[in-house]
Amino acid sequence: MKGEGKMVFKSKLKWVGLVGLVLSAFSLFTHFLLARYTDEGISNYKSSVTIFSWRPIFENADLSTTSPLYRRLWGPVRRLESIHPHANPRGNYADPARQTNGFLFVRIRGGFHEIRNSICDVVVVSRLLNATLVIPELQSTTSSKGISSEFKSFPYLYDEDQFMAALIKDVKIVKTLPKELKGARRKKEIPSFKVHSSLSPYFYLRHVLPVLNRHSVVELVVSDGGCLQAILPTHLEEYQRLRCRVAFHALRLRQEVQELATKILNRLRAPGRPFIAYDPGMTRDALAYYGCAELFQDVHTELIQHRRSWMIRRGIIKGNLSVDSALQRLNGSCPLMPEEVGILLRAYGYSWDTTIFVSGGEVFGGQKNLIPLHAMFENVVDRTSLSTPWELNKIYGRESILIDKHPRTLPSVKEEQKQKHDAWKTKGPRPRPLPPPPARPKYPYNIEGWWGWVAESDNEPESTVMELRTNAHKLLWEAIDYAICVEADVFIAGFDHDGKGHPNFAGLVMGHRLYQSAASKTYRPDR
């Protein structure tokens, strides 16, 4: 009887399992039909296979464009709607002379905003000296940094032909120096000037022009984000307009970079909703320059202070190493933190599902500083979440595999201690008792991290080849962000000064938006 009971029980389990399988198959089939033939299912299916890591979720998708709330949040600034700035000459402005005083060769160092400002100044100086301008050489994009050989220097970032065509009635421009002058430059036989951003036009007329007339060529090294004072005398107002023509008409991004920026812009606008572009402005140089180290409570504070001491030694900063960061914040000399910007936007009326595009490269302190902003807004995105690695690699061109001949290696603590102990044991005759062995470090992991050099050296380690290549890539990343921010429905800046007291990336964007459409919505928070 026991055996028969077990057989009946097993047969019942089989029937239960079979029924469960049938029901599961029927359930899967039903779900497939619903997902295949209903509009909601189709939309969910399509969004589930998207390559991007964000999904717009809008709570007020039916917000009318004519409603007062929409006009307040997204509409143009009405009092500026009638302003239409232009950079065309307005007085007697002659074409460049056929016979110039010589060639002006320029080397520019710095980041995206520094390069852009410097190019505008260089063109004005060339016009002022009646010189033939050689296409500037961008030091951040040379072949020694391992970038693709398809793009050299200036064409790595900007359209060379457009630059020459747009300024044909302003200055005479050539792509390279004549052959005989190239050789003289390689031998360092041509006169060179290291210039800074506060120089007046009279400096070039009194000091540079005579040298140009004697040697027929002059080299300028620009590393300060410009080579001419910001506000020119009133009788040189045409030169000020020339700056605008360079910045807003002549400097067009390379085709591949502009195409990717347009793709990302289209993806941002695909849901049919406007978006906000936000530039944090939290760079290490800016934080060090203004003394904002205490905004952080970790190793980043030490890194900022290390950079500030480096600036003091080189005369970039004339002040103390220790600065009251709280007082600096009250004075508006420190960037707004991302959570503060989020509070401002929410208080002004932007809903939690508003799309926010974060621009301006990497935020110093890491993505953890953006966590509060992500908590306030559902759709916080950047260029990496709106493009594929393949699309980004395409704009770099074909780059070779780099092998660093001098890789950065941090000394092993264990090996150092072993060497010290061996040296202590094998040392020659010495008095008794023996001196104690070298003490073990209390926290050996502190000098094994990526920031270990802070505690060991007054100088930062030299950049590896891969880091130099990444720095060149950052120019392209910021160029993409620049194009998107200029076209954004709303732009807000967390900070508008760089690590030298000059306008930074956000300052360029705000100026371009004001020129392109004066009534575009741009917030300038009173920090």
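The table below lists the values:
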read-out: Residue tally, condition hydrophobic (A, V, I, L, M, F, W, C) and either more than 20 Å from Asp170 (Cβ to Cβ) or open to solvent by 50 Å² or more (accessible area, probe 1.4 Å) (or both), over the stretch 224-247; value: 2
read-out: Pair list, Cβ < 6 Å and 6+ apart or interchain, from the stretch 49-71 residues that are outside any helix (DSSP H, G or I) and open to solvent by 70 Å² or more (accessible area, probe 1.4 Å) to residues that are modelled with pLDDT of 70 or more and not β-branched (Val, Ile, Thr); value: Ser53/Ser385; Ile57/Asp353; Ile57/Glu378; Glu59/Ser351; Glu59/Asp353
read-out: Residue in the stretch 177-193 that is under 29 Å from Asn92 (Cβ atoms) and touching a helix residue (DSSP H, G or I) at 6+ places or on another chain (Cβ under 7 Å) present; value: no
read-out: Tally of residues being at pLDDT 90 or above, of a type outside the set (A, V, I, L, M, F, W, C) and open to solvent by 50 Å² or more (accessible area, probe 1.4 Å) across the stretch 197-209; value: 3
read-out: Filtered residue count, the stretch 261-282, keeping only those that are open to solvent by 10 Å² or more (accessible area, probe 1.4 Å) and in a helix (DSSP H, G or I); value: 6
read-out: Matching option when the condition is part of a helix (DSSP H, G or I) and more than 30 Å from Leu73 (Cα to Cα), among Val211, Val221; value: Val211
read-out: Residue in the stretch 77-94 that is within 23 Å of the chain's Cα centre (by Cα), in a helix (DSSP H, G or I) and farther than 24 Å from Glu238 by Cα present; value: no
read-out: Residue within the stretch 463-481 that is within 22 Å of Arg307 (Cα to Cα) and in contact with a Pro (Cβ under 6 Å, 6 or more places away or on another chain) present; value: no
read-out: Ala293, sole failed condition from (1) hydrophobic (A, V, I, L, M, F, W, C); (2) over 26 Å from Ile276 (Cβ atoms); (3) over 21 Å from the mean Cα position of the chain (by Cα); value: (3)
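The values are calculated or read from the model by the stated rules, or taken from the named source; none is laboratory data. All values reported here derive from a predicted model rather than from experimental measurement. Neighbour counts run over all protein chains shown; Cβ positions are idealised from the backbone, glycine included. All accessible areas refer to the heavy atoms of the entire protein, side chains included, with ligands and DNA or RNA removed. Shrake-Rupley method; radii C 1.70, N 1.55, O 1.52, S 1.80 Å.
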